[in-house]
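Below is one structure, written out as structure tokens; the observations come after it.
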Amino acid sequence: MAEQAFLLKGFLQGNDAALITALKDITTQSVFRHMITPGGYEMSVAMTNCGARGWVTDRRGYRYDALDPLSNASWPAMPALFKQLAEAAARQTGFPHFTPDACLINRYAPGAKLSLHQDRDEQDFSQPIVSFSLGLPATFDFGGLDRKSPVTPWLLEHGDVVVWGGESRLFYHGIRPLKKGSHSLPGNCRINLPFRRAY
Ligand code: SIN
Ligand code: FE2
């Protein structure tokens, strides 16, 4: 997709049902919620987390937290399968030392979107982002280091994985409003799992 950015088509094929079963367990412990941005807007994407650290946003800002603010308990553990697949995708794209400690879980209903942004709440930008797509297809805009850099649209489908790091680690990216559709596995929505090393 760009320098050190890769789209692995169908990488999750064969593991999709197991991933979704594990997700059901996680999201009954730490439920999906619409978080509030520091500017006071409710995000259209519903989110939760698994792993040692979870990404959260509220009026105080964006950050990683070891506790789910809704339950004050730790986030559910990251399933071994999630970690294995994320590490395998990273290894295959030239990041052999990636070990995620955070897995955000994004759920897009039709109409939900994620505006162009950089992932920069992590401590070590030498670690890549590994991002799984399940369910309905979406258009992923991938730009450059500048908010105004031209973007290229990429179609992300069920089972695809995107890895970006190194030169493109801080590239702007976003998801266009999700189109209606039907998908049997997670239901009529899109699930995205971005794996990151937060600390
Ligand atoms: C993100 O930027 O965290 C999400 C990207 C996606 O939904 O594919
Ligand atoms: Fe992002």
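Please find, within the range 129-159, the residue that is nearest to E87 (Cα to Cα) out of those that are away from ligand 2 (no atom under 14 Å from the Cβ) and part of a strand (DSSP E or B). Steps first, answer last, please.
Initial filter on the range 129-159 (away from ligand 2 (no atom under 14 Å from the Cβ)): 134-137, 139, 144-146, 148-150, 152-153, 155, 157-159.
Subset that is part of a strand (DSSP E or B): 134-135, 139, 152-153, 155.
On the way: L134: 18, G135: 21, T139: 24, T152: 26, P153: 25, L155: 23 Å.
Result: L134.
Out of all the residues in the range 169-177, is one or more farther than 30 Å from K24 by Cβ, buried (at least 22 other Cβ atoms within 10 Å of the Cβ) and more than 9 Å from ligand 1 (Cβ to nearest atom)? Yes. Within the range 105-112, can one find any residue that is assigned to a strand (DSSP E or B) and either under 14 Å from R197 (Cα atoms) or touching an Asp or Glu at 6+ places or on another chain (Cβ under 8 Å) (or both)? Looking through the range 105-112, none of the residues is assigned to a strand (DSSP E or B) and either under 14 Å from R197 (Cα atoms) or touching an Asp or Glu at 6+ places or on another chain (Cβ under 8 Å) (or both).
Given the structure, is E122 modelled with pLDDT of 95 or more and out of contact with any Lys or Arg (no Cβ under 8 Å at 6 or more places or on another chain)? Considered against the rule, which asks whether it is modelled with pLDDT of 95 or more and out of contact with any Lys or Arg (no Cβ under 8 Å at 6 or more places or on another chain), E122 comes out as no.
For residues that are among the aromatic types (F, W, Y) and part of a strand (DSSP E or B), scanning just the range 160-199, find the one that is farthest from ligand 2 (Cβ to nearest atom). So the residue we want is F195.
If a residue must be among the hydrophobic types (A, V, I, L, M, F, W, C) and within 17 Å of A198 (Cα to Cα), how many such residues does the range 57-83 contain?
Restricting attention to the range 57-83, the residues satisfying the condition of being among the hydrophobic types (A, V, I, L, M, F, W, C) are 66-67, 70, 73, 75, 77-78, 80-82.
Then keep just the ones that are within 17 Å of A198 (Cα to Cα); that gives 66-67, 75, 77-78, 82.
Counting residues in the range 57-83 that are among the hydrophobic types (A, V, I, L, M, F, W, C) and within 17 Å of A198 (Cα to Cα) gives 6.
Tell me, please, whether a residue that is loosely packed, with under 14 Cβ neighbours inside 10 Å, more than 26 Å from A22 (Cβ to Cβ) and charged (D, E, K, R) can be found in the range 116-123. Yes, the conditions are met somewhere in the range 116-123. Summed over the range 1-30, residues that are out of contact with any helix residue (DSSP H, G or I) (no Cβ under 6 Å at 6 or more places or on another chain) and acidic (D, E) total 2. Take the conditions touching a residue at least 40 places away in the same chain (Cβ under 8 Å), in a strand (DSSP E or B), more than 14 Å from ligand 2 (Cβ to nearest atom) and under 15 Å from the mean Cα position of the chain (by Cα) and apply them to L116. Does it pass? For L116, the condition - touching a residue at least 40 places away in the same chain (Cβ under 8 Å), in a strand (DSSP E or B), more than 14 Å from ligand 2 (Cβ to nearest atom) and under 15 Å from the mean Cα position of the chain (by Cα) - is not met.
Residue by residue, here is whether (1) within 21 Å of Y172 (Cβ to Cβ); (2) hydroxyl-bearing (S, T, Y); (3) touching a strand residue (DSSP E or B) at 6+ places or on another chain (Cβ under 8 Å); (4) modelled with pLDDT of 95 or more holds:
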residue: P38; (1), (2), (3), (4): yes, no, yes, yes
residue: G51; (1), (2), (3), (4): no, no, yes, yes
residue: D65; (1), (2), (3), (4): no, no, yes, yes
residue: N72; (1), (2), (3), (4): no, no, no, yes
residue: A77; (1), (2), (3), (4): no, no, yes, yes
residue: P100; (1), (2), (3), (4): no, no, yes, yes
residue: A109; (1), (2), (3), (4): no, no, yes, yes
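May I ask you to verify whether L7 is in contact with a Leu (Cβ under 8 Å, 6 or more places away or on another chain), buried (at least 17 other Cβ atoms within 10 Å of the Cβ) and touching a residue at least 60 places away in the same chain (Cβ under 8 Å)? Here the answer is yes, as L7 does meet what is asked.
Quick check on my filter: what residues within the range 83-109 are within 13 Å of ligand 1 (Cβ to nearest atom), over 18 Å from I20 (Cβ atoms) and basic (K, R)? Hits for the range 83-109: nothing passes.
The values are calculated or read from the model by the stated rules, or taken from the named source; none is laboratory data. Computed from a predicted structure; not experimentally measured. Neighbour counts are summed over all protein chains in view; Cβ atoms, including those assigned to glycine, are modelled from backbone coordinates with ideal geometry.
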